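One structure is given below, encoded as structure tokens.
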Amino acid sequence: MTILELQGAGFAYGSRRVLDDISVSLSEGDSLGLVGESGAGKSTILRLMLGLAAPRDGQVLFDGAPLSLRDRAQMRRFRASVQPVFQDPYSSLDPRQRIDRIIGEPLRSLGLASGADAQRRIAEALDSVGLPADTARRYPHEFSGGQRQRIAIARAVVSRPRLLLADEPVSALDVTTRVQVLELLDRLRRENGLSLVMVSHDLTAIAAACDRTVVLQNGRVVEQGATATVLHDPQDPYTRALVDAVPRLPR
Ligand SMILES: Nc1ncnc2c1ncn2[C@@H]1O[C@H](COP(=O)(O)OP(=O)(O)OP(=O)(O)O)[C@@H](O)[C@H]1O
């Protein structure tokens with residue numbers, strides 16, 4: 001079943017059009033990479049997919065129904081189902097809050113669990129990202145970048161979402177940690193049937209995490225398909241230039 005779909009979506013900041021006629025859909029278990037040079041519109045697509053902005057043209061469908069930012073019941077289901085993971089695990093975690101409070105935030109704001117039930121779900125989320133239970137009682141500054149990104153991912157999965165939207169989730173991390181966080185995302189997908197949209201400049205990360213890839217140029221889709229095909233047999237000259245800029249792509 002389709003979880004989230006953009007149908008002919010267009011967007012503009014003021015009079016400046018930045019997206020045109022974008023159609024992409026995510027079903028259970030799908031993983032989709034969004035690539036394209038800086039300014040191509042990747043983050044803006046994530047904003048539409050997260051319900052942080054409404055498209056000027058076309059529509060966003062959630063479980064087959066148009067997403068309405070004013071429909072509170074629908075937005076509550078949407079927020080529990082579709083969760084973001086941000087780029088920078090340093091600035092995305094409030095340094096004054098204990099980890100259990102940070103991870104429990106979606107449970108509180110969505111009214112999903114409280115008290116012992118919430119603590120159980122926080123412990124489960126920590127376990128699912130490979131962090132020990134005592135992490136809950138500590139503060140962000142006690143953790144490395146990779147551990148912080150695991151904490152951010154624990155916060156993203158605590159509401160038991162169906163879809164994660166990740167904007168450059170590994171670009172702030174060193175190479176070894178990158179691989180570990182990509183493996184974690186892959187395991188969460190396999191074990192929990194999670195779907196993933198990932199924006200990245202790093203085509204190696206896209207190749208590791210995403211079955212399908214959409215290539216954007218100036219707010220338009222120039223190519224989309226199976227990641228292996230898009231990266232190893234690009235049809236569009238723009239995609240070819242992106243791929244040629246990477247010294248070695250894994251086969
Ligand atoms: N708040 C804003 N106000 C005005 N223009 C914006 C705003 N945010 C983004 N833009 C413009 O919209 C276009 C698309 O930006 P967007 O951030 O979606 O691209 P991107 O592909 O994610 O880029 P990057 O890889 O650099 O993050 C760019 O031309 C950008 O300058």
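Let me have the 222 nm mean residue ellipticity of the chain computed from DSSP H runs of 4+ only, each contributing -39500 (n - 2.57), with the sum over all residues rounded to the nearest 500. Display every interim value, and only then the final one.
Values: 9 runs with 95 residues, N = 251.
My calculation for the chain gives -11500 deg cm²/dmol from helical runs alone.
Against the longest alpha carbon principal axis of the chain, how many degrees, from 0 to 90 and to the nearest 10, is the axis of helix 145-157 turned?
So the inclination is approximately 90 degrees.
What angle, in degrees between 0 and 90 and rounded to the nearest 10, separates the Cα long axis of helix 72-81 from the longest principal axis of the Cα atoms of the chain?
For 72-81 against the chain, the angle is about 90 degrees.
Pop out the carbon and sulfur fraction of the accessible area of the chain as a percent, whole number, probe 1.4 Å. The partial results should precede the final answer.
On the way: 5630 of 11930 Å².
Roughly 47 percent of what the probe reaches on the chain is carbon or sulfur.
Only sites in a loop by DSSP and with at most 13 other Cβ atoms within 10 Å count here; which GluC sites (Glu not before Pro) in region 1-100 make the cut? Don't jump to the answer; show the numbers that get you there.
Numbers: sites: 5, 28, 37; in loops: 28, 37.
Sparse-neighbourhood loop GluC sites (Glu not before Pro): 28.
Using alpha carbons only, how many degrees (0 to 90, rounded to 10) separate the axis of helix 99-109 from the longest principal axis of the chain?
Here the helix axis deviates by roughly 70 degrees.
When the Karplus curve 6.51 cos²θ - 1.76 cosθ + 1.60 is applied with θ = phi - 60°, which whole-Hz ³J(HN,Hα) does each residue of region 90-97 get, with x for Gly and Pro?
7, 8, 7, 10, 5, x, 8, 9
Using r as the Cβ-Cβ distance of residue 57 and residue 160, and R0 as 25 Å, what FRET efficiency do you calculate, to the nearest 0.05? Please list the in-between numbers first.
Numbers: r = 33 Å, r/R0 = 1.32.
With R0 = 25 Å, the Cβ-Cβ based efficiency is 0.15.
Hey, what's the chain come to in accessible area per residue, 1.4 Å probe, Å²? Display every interim value, and only then the final one.
Details: 11930 Å² over 251 residues.
Value for the chain: 48 Å² per residue.
For region 186-197, take each phi angle, set θ = phi - 60°, evaluate the Karplus expression 6.51 cos²θ - 1.76 cosθ + 1.60, and give the result in whole Hz per residue in order, putting x for glycine and proline.
Once θ is set to phi - 60°, the couplings for region 186-197 become 5, 5, 4, 5, 5, 6, 10, x, 5, 9, 9, 10 Hz.
The values are calculated or read from the model by the stated rules, or taken from the named source; none is laboratory data. Quick caveat: nothing in here was measured; it's all calculated off a predicted structure. Cβ: placed from backbone, ideal geometry, glycine included. Neighbour counts: every protein chain shown. With ligands, DNA and RNA removed, areas are computed over all heavy atoms of the protein, side chains included. Shrake-Rupley method; radii C 1.70, N 1.55, O 1.52, S 1.80 Å.
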